[in-house]
Amino acid sequence: METKIFKKDQLDEAVDLLTKGELVAFPTETVYGLGAIATKEKSVKGVYAAKGRPSDNPLIVTVSDEKTMERYAKEVPERAKKLIKHFWPGPLTLLLFVKPGTLPTAVTGGLDTVAFRCPDDQLTHDLIAKLGYPIVGPSANTSTKPSPTTAEHVYHDLKGKIAGIIDDGPTRVGLESTIIDLSVKTPIVLRPGEITPEELSKVLGEKVLINTGKVSDKEVPKAPGMKYRHYAPSEPVTVVDNPADFSKIDFNAKTGVAALKSVLDKIDLPGENKFDLGNNLVDADHNLFGGLRYFDDKDDIETIYVQGFDEGEESLAYMNRLNKAAGGHHFNK
Ligand code: TXA
Ligand code: MG
């Protein structure tokens with residue numbers, strides 16, 4: 001299958017393909033998503049096949065507004081309304097009870113909840129409006145690989161497997177949305193993202209819990225995707241928490257380092273063994289997945305060191321993804 005790249009003015013072609021049941025990747029402010037009409041079971045199953053995603057890992061439903069969401073949610077609690085008013089469109093996914101019979105079980109993984117997201121991307125809003133249906137939207141990467149932050153990343157993973165990619169340039173945030181579960185007594189963040197638990201708590205006016213994400217293979221975790229190996233290049237990754245520790249590492253031609261520019265400048269390695277994460281944590285969020293992919297694609301690299309950041313609210317999302325990529329492996333810990 002040919003995978004077509006669509007620019008802004010070619011949205012109608014993407015709409016046609018999706019209407020025919022094909023898969024088309026779409027831009028969001030976090031990472032690129034892999035779209036299929038959420039009510040078409042066959043297409044939704046195709047999303048799992050293209051990604052190589054385990055079938056017990058449910059999909060996010062991408063909507064363009066609250067009204068569309070109401071067609072598929074059993075109810076929209078007051079808490080959800082508050083968060084929507086404050087954060088949508090934006091990188092926040094809400095877990096609500098599903099209205100029975102409105103979505104194929106392939107979307108929900110057979111759970112009684114469904115995840116709704118309204119991304120901040122005008123092209124994708126226009127796409128959904130033209131389609132008249134919400135689209136499923138898992139990250140448009142091969143399962144286990146880092147999520148795609150450019151259309152080129154999507155093409156790299158899924159060329160020949162999907163009908164098209166809508167290219168809207170690099171994504172702004174670079175890490176996936178915050179997921180908050182509102183189907184339980186106390187709201188809980190299942191996956192950290194740009195919107196922090198503290199910000200959510202402030203808007204809700206109540207306590208918000210944070211899921212530590214430690215689940216064994218036997219349990220059914222609240223966010224099933226969190227149990228799988230993820231974001232991982234094929235070479236081992238080590239987190240370096242203290243930038244001063246970079247001077248203790250025995251670098252050679254087969255080591256790759258991803259760190260802030262100020263840290264990289266002090267490391268004696270050829271340019272191609274270094275990946276610049278930028279000048280601060282926000283830049284690092286934006287660049288992390290690109291850095292992991294850069295080294296994954298270099299055959300001569302055998303180990304990768306990546307700069308960690310103090311684990312506070314601001315770095316929760318970055319450290320969550322990096323820890324997964326590293327399988328929890330830290331330098332000197
Ligand atoms: O930023 C994002 O959220 C991106 C963009 C493309 O929108 N999407 C994304 O989707 O990250 P995905 O499928 O890669 O991650 C969704 C996560 C998975 O860990 C999945 O298990 C969880 O959400 N999830 C989806 N539906 C769920 C449900 N009903 N209950 C619990 N977890 C759910
Ligand atoms: Mg994903």
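The values are calculated or read from the model by the stated rules, or taken from the named source; none is laboratory data. Predicted model, so just to flag it, every value in this text is computed and none were measured. Neighbour counts are summed over all protein chains in view; Cβ atoms, including those assigned to glycine, are modelled from backbone coordinates with ideal geometry.
Okay, residues lined up against (1) in the same structural domain as L83 (by TED's automatic domain parsing); (2) out of contact with any His (no Cβ under 8 Å at 6 or more places or on another chain); (3) not small (G, A, S):
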residue	(1), (2), (3)
R172	yes, no, yes
S177	yes, yes, no
I180	yes, yes, yes
V184	yes, yes, yes
V189	yes, yes, yes
P197	yes, yes, yes
K202	yes, yes, yes
G205	yes, yes, no
> Can you find a residue in the stretch 39-56 that is modelled with pLDDT of 95 or more, in a strand (DSSP E or B) and more than 23 Å from T93 (Cα to Cα)?
Replying inline: no
>> Could you tell me how many of the residues in the stretch 2-55 are charged (D, E, K, R), within 15 Å of ligand 1 (Cβ to nearest atom) and more than 15 Å from Q122 (Cα to Cα)?
In response: 3
>> Of everything in the stretch 286-332, what is polar (S, T, N, Q) and free of Cβ contacts under 8 Å to residues at least 40 places away in the same chain? Give them in sequence order.
In response: S315
> Mind checking whether some residue in the stretch 151-162 is under 13 Å from I60 (Cβ atoms) and surrounded by 24 or more Cβ atoms within 10 Å (Cβ to Cβ)?
Replying inline: no
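Per-residue answers, yes or no, for (1) under 30 Å from E13 (Cα atoms); (2) at pLDDT below 95; (3) away from ligand 1 (no atom under 16 Å from the Cβ); (4) surrounded by 19 or more Cβ atoms within 10 Å (Cβ to Cβ):
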residue	(1), (2), (3), (4)
R172	yes, no, no, no
P197	no, no, yes, yes
K207	no, no, yes, no
E219	no, yes, no, no
> Looking only at residues in the stretch 70-94 that are closer than 14 Å to G137 by Cα and among the hydrophobic types (A, V, I, L, M, F, W, C), which one is surrounded by the fewest Cβ atoms within 10 Å (Cβ to Cβ)?
Replying inline: L92
